[in-house]
């Protein structure tokens, strides 16, 4: 089977030759090519070359256009701090919506006209050409909670949940409309699956998640499905308190970070949900050995069952040895 066929079969609960392997690579991929990360995040040609070099070396089942969480906010007009060899960051002190009244004047940018969103679309087009139908091509959008934090500032947003819930819902509606439009454009450009990064959602409790986050993640998931795409939900951190709600979203794939016990996650998500990851990217993957990584993955497989995709809990961190990264692929092929 090709990598793409393997992932499609896994997500469709069909027979595949062995486990799929879909680790997130960003700074690791840039280092594989030997380029500074600012160049990776700014120039789709560098991102594409880095991803193709990485997948050629390690034979993952996908390539990805993920780079940083600031693309959508940047094209809305948010101020971004660039670093030579680290991901760009939102300048929270100067958040675009520090004044809530500015939301009424904010418009969803056209993905093909925004500088940074268009760059991702170009990356997807070229990744599709580069891997043809052999590998899954992954696009990426910011989820409603994460994007709201980017636009408003995370500390202000956490207060807004209590002080101004109507504004929060209006902001989430804007963020969701933008993600829907951006996701559709990426699918049209050639993406098979859309990663939805909503890390900030791990910081809220079950009540806030159910009322504010769940309806908009659900709306985004349904829009991606309607456009012909699949959904990979990626919420970094400890999601134990919200996984019963995540089970309602209908995502094809849910990433589990290392603070979440796999057995508990399986019970909350149900037997049919495809899950991925669960390894500590630093302690277990970067600082481990091929043998210890294989042992840890064996426990994941035992607790997750057959509906599992090999990956780390979050991105493969800079400085991880090639032998340890290869251990992920070797386990997938042997399992």
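Descriptive notes on the structure:
- So residue 295, is it modelled with pLDDT of 95 or more, outside any loop (DSSP other than H, G, I, E, B) and either over 21 Å from the mean Cα position of the chain (by Cα) or surrounded by fewer than 19 Cβ atoms within 10 Å (Cβ to Cβ) (or both): yes
- Matching residues in the range 298-335 - criterion: being closer than 18 Å to residue 257 by Cβ, in a helix (DSSP H, G or I) and in contact with a strand residue (DSSP E or B) (Cβ under 7 Å, 6 or more places away or on another chain): 300, 301, 304, 328
- Selected residue [at pLDDT 95 or above and either within 23 Å of residue 142 (Cβ to Cβ) or within 15 Å of the chain's Cα centre (by Cα) (or both)] from 259, 271: 259
- All of 150, 119, 134 fail the test of being buried (at least 19 other Cβ atoms within 10 Å of the Cβ), under 29 Å from residue 193 (Cβ atoms), out of contact with any strand residue (DSSP E or B) (no Cβ under 6 Å at 6 or more places or on another chain) and touching a residue at least 40 places away in the same chain (Cβ under 8 Å), apart from 119.
- Helices (runs of 4 or more DSSP H) enclosed by the range 6-79 - at least 2 residues per element that are in contact with a helix residue (DSSP H, G or I) (Cβ under 9 Å, 6 or more places away or on another chain) and within 26 Å of residue 175 (Cβ to Cβ): 37-42, 44-58, 71-76
- Qualifying residue in the range 188-205 (condition: assigned to a loop (DSSP other than H, G, I, E, B), more than 30 Å from residue 132 (Cα to Cα) and out of contact with any helix residue (DSSP H, G or I) (no Cβ under 6 Å at 6 or more places or on another chain)): yes
The values are calculated or read from the model by the stated rules, or taken from the named source; none is laboratory data. Computed from a prediction, not measured in an experiment: that's the story for all the values here. Positions of Cβ are backbone-derived with ideal geometry, glycine not excepted, and every protein chain shown enters the neighbour counts.
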